Amino acid sequence: MTLWRQRRGPGTALAGLVLCILIQTGHAADTGKITDPGSFLAQTENLRVKDHRQFAQRLVQIHRESPPLTTAEQWQLQYLDALEVSLEGNFGAANKPLRDVIDRSGDPTLAAKASVVLLTNLAGSHRYEDAFKLAQQLATDLPQIHDRTTRFQVLSGLSQMLNLAGQTDLAIQYARMMEDTVPAGVSLCDPHYKRVAALYNAKKLTSSSPDLKQAIDTCDAAQQPIYATAARLILITLHLEDHQPAKALTLLDRVAPSILKNHYYPHTLSALVHRAQAYEEMGRDDDARKAALTAVALARPGEINDWQKNAYEVLYRIAKRRGNMASALSYYEQYVTQDKGAIDDAAAQALAYQTVEQQVLAHKLETEALGKQNSVLRLQQALDTKAVETSRLYIALLLMALASIVLWLYRLKRSQLGFKRLSHHDSLTGIFNHQHFISEAERVLRLLQKKLGHACLVSIDLDHFKQVNDTHGHAMGDAVLKRAVAICQQHLRPTDLFGRLGGEEFGILLHECSREQGMDIANRIRITIGTTPMEEDGDGISISASVGLASTDSSGYELQRLCKEADAALYRAKRAGRNRVIADTEKDNLVEA
């Protein structure tokens, strides 16, 4: 990671937060005496990502009261205990109880859950070869897992583990599979966060990415604060990478109560290091040093991670600026140790992944070879015992089955493409619908802003269209809309965006187009609409259009402002008598039919 440049600026104070963060989980909340252990354990498991502190308190309570448990409930409690140890970051202590649950509980659903936690633990403790082997086994067993909840959890574990191990493309793929397997009553928070985390590690995420906002909003709505806080910590990291420490500190203050309440170790450590980095860039070295020292003290002995590396990096730079070379050298040595550990860890990930891939490939080749030998033997036996006519019949049946499968897959693919097109296009006219037009227009404007390109937003409204529906019927109204769209498309380029905004109103984003060119195109469209008779079943009518235009030259690249200016120009055209084009900067100089 590159060194953070020093910057000065306002920010929020660290006072009191460090002490609060270090407060340990208190006594168990009083939930009443446990009368139904099975329900109590199920409710406790549901709290694992919603309220970590209450999750831990309920485990303390059930151990304190020691109610009679069935064998299945004892295994469930052992799984939850191991899960809590894992959430606290003590992976080694959790792994043996988890393996016992997997091997001895006799409950396939509970074993799958424990496998997911074990998978994350192996990756978190840098045992990547074991983790990849377990991931390969879970991925192999996935088609046989029909319980929707269990399948969802296995996909979640695979996505998280592969992301930790640096296989971000696979992590994103599994996160998307999670979205298609969400159980009833479960939100999209988990898959949205998993996708965002993988996109961040793949360097495909920015602070303004819609995926990141969607993950935060979804997890907030689902009341899952651990995931919501994790997503906001990613946003804080992106603010720091964009050299916006004030934004980072504001967001850190906002998530501090959630971090304090849930007492989740990775979030606590991450928030401290982010504060240190933000304070340093703002020139507040004293606050930065306090936060970094607290993070270093909080970390476990011998632990290697990016948080500690960044904390030592901050301490090194501050000591160096103050001329304390002995401390600077000591901090730099710690930074180098963490950095080397991170590099070695990345190499271990790659080597473990390649090793397991080679083992899987070798096993697959061996299996295929044995399968071919068995096929030859079976074929020879079949030829000895069956007549040629029977063999031909089998072949014909096989071909028919394959043809049916191919036809079914073809129809399924066509249906999927059709549904995708319907979600983006207006059903009557075939052009973009309102939502997709706005989304694509924002994307194009962001690209144009980066290279200082030009664009015009054109708003078109058919004059007196309600009278067409009232006088000639809705069938004629639909025909008029289709004909107007066809006329517009004759004057547009492949790069231009065209969408129906609602009713008889249309929007066009002219790509790489100056204001003068946009006026020319808009006027040609208006003239063609006004001079082209609309006919349906022998009935003919004439119709005109009023057009408003806004240009990035005068209104900037923000879509909301462009829409506002184009609509204002359109309303001026309506008030001026309709059937004309008016641009955003025009007041009296109107372009008429």
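The values are calculated or read from the model by the stated rules, or taken from the named source; none is laboratory data. Note that this is a predicted model, so its numbers are computed, not measured. Glycine gets a Cβ as well: all are built from the backbone with ideal geometry, and neighbour counts include every protein chain shown.
Couple of notes before you dig in:
- Annotation note: Cβ proximity below 7 Å between a residue of region 117-145 that is surrounded by fewer than 21 Cβ atoms within 10 Å (Cβ to Cβ) and a residue that is among the aromatic types (Phe, Trp, Tyr) (sequence gap 6+ or interchain) occurs for GLY124/PHE91; SER125/PHE91.
- Filter result for GLY302 (assigned to a loop (DSSP other than H, G, I, E, B), more than 30 Å from the chain's Cα centre (by Cα) and without any contact (Cβ under 8 Å) to a residue 40 or more places away in the chain): yes
Conditions (1) modelled with pLDDT under 90; (2) within 22 Å of ALA484 (Cβ to Cβ), marked per residue:
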{"residue": "ARG515", "(1), (2)": "no, no"}
{"residue": "PRO533", "(1), (2)": "yes, yes"}
{"residue": "GLY540", "(1), (2)": "yes, yes"}
{"residue": "VAL547", "(1), (2)": "no, yes"}
{"residue": "GLU558", "(1), (2)": "no, no"}
{"residue": "GLU586", "(1), (2)": "yes, no"}
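- The helices (runs of 4 or more DSSP H) found entirely in region 88-202 that carry 3 or more residues being among the polar types (S, T, N, Q) are 108-124, 128-141, 148-164.
- Meets criteria (among the acidic types (Asp, Glu), at pLDDT below 95, part of a helix (DSSP H, G or I) and under 24 Å from LYS340 (Cβ atoms)) for GLU280: yes
- Set side by side, the residues LEU272, LEU260 differ, and just one is among the aliphatic types (A, V, I, L, M), in contact (Cβ under 8 Å) with a residue 24 or more places away in the chain, touching a Ser or Thr at 6+ places or on another chain (Cβ under 8 Å) and part of a helix (DSSP H, G or I), which is LEU272.
- Looking only at residues in region 490-500 that are within 35 Å of the chain's Cα centre (by Cα) and of a type outside the set (Gly, Ala, Ser), the one that is nearest to ILE529 (Cα to Cα) is LEU492.
- Count of region 150-184 residues which are over 20 Å from the mean Cα position of the chain (by Cα) and surrounded by fewer than 17 Cβ atoms within 10 Å (Cβ to Cβ): 1
- One residue stands out in region 56-87 among those that are of a type in the set (Ser, Thr, Tyr) and not in a helix (DSSP H, G or I): the one that is modelled with the lowest pLDDT, namely SER66.
- Total residues in region 191-217, condition of a type outside the set (D, E, K, R) and out of contact with any Asp or Glu (no Cβ under 9 Å at 6 or more places or on another chain): 11
- Selected residue (criterion: farthest from PRO191 (Cα to Cα)) from residues of region 31-55 that are touching a residue at least 60 places away in the same chain (Cβ under 8 Å) and in a helix (DSSP H, G or I): ARG53
- Within region 237-246, the set of residues being in contact (Cβ under 8 Å) with a residue 12 or more places away in the chain and in a helix (DSSP H, G or I) comprises THR237, LEU238, HIS239, LEU240, PRO245, ALA246.
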